1. Taking the Cα centre of the protein assembly as shown as origin, sum charge times position over the Cβ atoms of Lys and Arg (+1) and Asp and Glu (-1), and report the length of that vector in debye to the nearest 20.
2. Can you bin chain B into rounded, prolate or oblate? Criterion: square roots of the alpha carbon gyration tensor eigenvalues sorted a ≥ b ≥ c, rounded for a/c under 1.5, prolate for a/b above b/c, oblate for the rest.
3. What distance in nm separates the two pseudo spin-label positions at A:Ala2 and B:Gln79, each 7 Å out from Cα along the beta-carbon direction?
4. By per-residue mean of other Cβ atoms within 10 Å, what is the highest-first order of B:2-13, B:34-45?
5. Could you list, by residue number, the cysteines of the protein assembly as shown that have no other cysteine's beta carbon within less than 4.7 Å of their beta carbon?
6. Going through the cross-link list A:Lys18/A:Lys69; A:Lys18/A:Lys57; A:Lys65/B:Lys81; A:Lys69/B:Lys98; B:Lys68/B:Lys98, which pairs have a Cα-Cα distance over 31 Å in this structure?
7. Quick one: work out the % antiparallel among DSSP beta bridges in the protein assembly as shown, nearest 5.
8. Within 10 Å of each Cβ in peptide B:98-108, how many partner chain Cβ atoms are there on average? Round it to a whole number, please.
Amino acid sequence: EAQVTQNPRYLITVTGKKLTVTCSQNMNHEYMSWYRQDPGLGLRQIYYSMNVEVTDKGDVPEGYKVSRKEKRNFPLILESPSPNQTSLYFCASRSANYGYTFGSGTRLTVV
Amino acid sequence: GQNIDQPTEMTATEGAIVQINCTYQTSGFNGLFWYQQHAGEAPTFLSYNVLDGLEEKGRFSSFLSRSKGYSYLLLKELQMKDSASYLCAVRDAGNNRKLIWGLGTSLAVNP
């Protein structure tokens with residue numbers, strides 16, 4: 001089944017404790033992206049990648065890192081999480097001319 | 001600047017027809033997408049328009065007028081399960097073909 005798998009689904013952590021949210025797709029898509037979604041603010045792009053070893057900042061990259069060492073994986077790293085990073089996060093992938101397929105989401109709470 | 005406008009909320013009755021409008025002002029245009037998102041879940045793809053006109057897919061249809069910067073999503077024979085947020089997104093024509101997202105229209109279907 002074609003899908004984007006992200007883990008974990010739910011995470012509660014403390015301020016400053018490094019964490020990684022994993023994302024993997026099995027559709028051989030070149031383009032992958034991370035979004036956060038907050039009430040009243042909609043989907044905001046954090047980082048995106050157009051192919052292996054090619055990443056770039058989206059609209060809200062501060063406090064986040066990503067890597068794209070393999071085509072299928074695109075992890076999101078929070079080196080020192082803060083409470084303002086409490087949000088619903090989505091990983092998504094697509095091929096060049098089509099829309100995104102989204103992962104199931106990760107609800108992160110930073111206390 | 002880049003801007004997408006959709007109504008914030010709409011209500012409709014089960015079995016009825018509802019039209020959700022989207023207007024956009026973007027520096028480039030390379031297609032318009034509609035997504036459905038149930039609360040707490042991932043957005044799922046509904047439709048894609050790149051040329052003017054109506055695209056029909058079962059109970060859902062989507063219309064595009066590029067000259068007017070306007071699209072609508074038409075939902076027929078509404079069901080309770082259609083209660084969700086509907087997101088309009090425009091793909092930019094730039095090199096990264098970024099998606100610009102509207103904030104979504106929350107549709108409540110009442111019995």
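1. 540
2. Working: a/c = 2.05, a/b = 1.68, b/c = 1.23.
Because a/c hits 1.5 or more and a/b exceeds b/c, chain B counts as prolate.
3. 2.3
4. Output ranking for B:2-13, B:34-45: B:34-45, B:2-13.
5. Cysteines lacking a close Cβ partner in the protein assembly as shown: none.
6. From the list (A:Lys18/A:Lys69; A:Lys18/A:Lys57; A:Lys65/B:Lys81; A:Lys69/B:Lys98; B:Lys68/B:Lys98), the Cα-Cα distance tops 31 Å for A:Lys65/B:Lys81.
7. 90
8. 3
The values are calculated or read from the model by the stated rules, or taken from the named source; none is laboratory data. This structure is a prediction, so every number in the text was calculated from the model and none was measured. Backbone-built Cβ (ideal geometry, glycine too); neighbour counts: all protein chains shown. These accessible areas exclude ligands, DNA and RNA; they are computed on the full protein's heavy atoms, side chains included. Shrake-Rupley method; radii C 1.70, N 1.55, O 1.52, S 1.80 Å.
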